[in-house]
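Chemist: This is the structure I want to talk about, given as structure tokens.
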Amino acid sequence: MRRAVGRLSRHLKGWRTMLFALLVATVGVLEATNWADLVPDGPAKGYWLLAISMVIAWLRAITTTPIGRRD
């Protein structure tokens, strides 16, 4: 367990501050956003969510860089 934490710490070198900033920004967005109004309500709500998830999957499919790597 201790070696895994040490290895993770080395991999996060330089990223910890950015991750903390992202966490604070995420909390701010969650606090400020009215999530009920984010996706239009009505009978097409399921289609909106399906379309959003399909776009996300398509973007992941067309990228060539592995997740979490630069090259």
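Bear in mind that the values in this text are calculations on the coordinates, not laboratory data. No experiment lies behind these values; they were computed from the predicted model shown. Neighbour counts are summed over all protein chains in view; Cβ atoms, including those assigned to glycine, are modelled from backbone coordinates with ideal geometry.
Chemist: Taking R0 as 35 Å, what's the FRET efficiency between Asp41 and Arg7 from their Cβ-Cβ distance, rounded to 0.05?
Modeler: After rounding to 0.05, the efficiency reads 0.15.
Chemist: If r is the Cβ-Cβ distance from Thr33 to Thr63 and R0 is 35 Å, what FRET efficiency results, to the nearest 0.05?
Modeler: On the way: r = 27 Å, r/R0 = 0.77.
According to the calculation, E is roughly 0.85.
Chemist: Using a 7 Å offset from the Cα along the Cα-to-Cβ direction at both Arg16 and Trp48, what is the distance between the two label points in nm, to one decimal?
Modeler: So the two model labels end up 4.1 nm from each other.
Chemist: Which shape class, rounded, prolate or oblate, goes with the chain when its Cα gyration tensor gives a ≥ b ≥ c as root eigenvalues, a/c under 1.5 marks rounded, and past that a/b bigger than b/c marks prolate? All intermediate terms of the calculation are to be shown ahead of the outcome.
Modeler: Details: a/c = 3.14, a/b = 1.63, b/c = 1.92.
The shape class here is oblate.
Chemist: Using only Cα atoms, find the angle between the long axis of helix 16-32 and the longest principal axis of the chain, and express it within 0 to 90 degrees, rounded to the nearest 10.
Modeler: So the helix axis and the longest Cα principal axis differ by about 20 degrees.
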